[in-house]
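Read the structure below first, then the notes.
What follows draws every value from the coordinates through simple rules; no lab data is involved. Only a predicted model underlies this, so the values are computations on that prediction, with no experimental measurement involved. Virtual Cβ from ideal backbone geometry, glycine too; neighbours counted across all protein chains shown.
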Amino acid sequence: MSETPFRKIDTVFVRCDDPHAAAGWYQEVLGWPEAWRTEHIVVLTPPEGPPVTLLDPGGGDWSGFNFYAPDAAAARQWLLDRQVEVGPLNQAPDQPVTWFWFRDPEGNRLEVCSY
């Protein structure tokens with residue numbers, strides 16, 4: 001078997017109705033600094049482990065975390081070669097991140113990102 005393209009858990013996602021408001025609590029109570037934000041997310045950096053992304057998925061389908069792969073297109077092809085249900089490759093308009101989703105046999109949505 002070839003070496004897997006999936007290197008680590010990259011980000012943990014926490015669903016929030018208002019990520020910007022929730023970020024204040026995480027900063028004050030947990031002491032986690034903000035790394036950056038967009039209109040729908042705030043990324044916090046705990047002292048150890050992966051970043052925590054507060055997000056408002058707008059009622060859509062979402063994942064609890066994502067995997068990091070150095071090359072998202074290659075990781076996507078790896079899954080397609082194994083007959084896994086895979087979503088389209090996406091490029092973030094405001095950051096250098098490429099990502100896609102896929103489903104495990106139980107139907108759980110998982111995500112992969114590269115940057």
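What to note about this one:
- Karplus-derived 3J(HN,Hα) values for the stretch 74-83, using 6.51 cos²θ - 1.76 cosθ + 1.60 with θ = phi - 60°, are 5, 5, 4, 5, 3, 5, 4, 4, 9, 6 Hz; glycine and proline are entered as x.
- Sequence-distant residues sharing a close amide H with Thr11 (under 5 Å, placed H): Asn66
- Our coupling estimate for the stretch 3-12, obtained by passing each phi through the Karplus curve with A = 6.51, B = -1.76, C = 1.60 and θ = phi - 60°, is 5, 5, x, 8, 8, 6, 6, 9, 9, 9 Hz, Gly and Pro reported as x.
- Extension gain for the segment Leu80 to Trp62, taken as residue separation times 0.36 nm less the Cα-Cα distance, is 4.5 nm to one decimal.
- 19 Å cut-off, amide nitrogen to a point 7 angstrom out along Arg109 Cα→Cβ, residues in the stretch 1-26: 10-19
- Our coupling estimate for the stretch 95-104, obtained by passing each phi through the Karplus curve with A = 6.51, B = -1.76, C = 1.60 and θ = phi - 60°, is 7, x, 10, 10, 8, 7, 10, 8, 10, 7 Hz, Gly and Pro reported as x.
- GluC sites (Glu not before Pro) restricted to DSSP loop in the stretch 18-70 with at most 11 other C-beta within 10 Å: Glu39, Glu48
- When the chain is reduced to its Cα atoms, the Kirkwood hydrodynamic radius in Å: 15.0 Å
- Using just its DSSP H runs of length 4 or more, each adding -39500 (n - 2.57), the chain gives a mean residue ellipticity at 222 nm of -4000 deg cm²/dmol after division by all residues.
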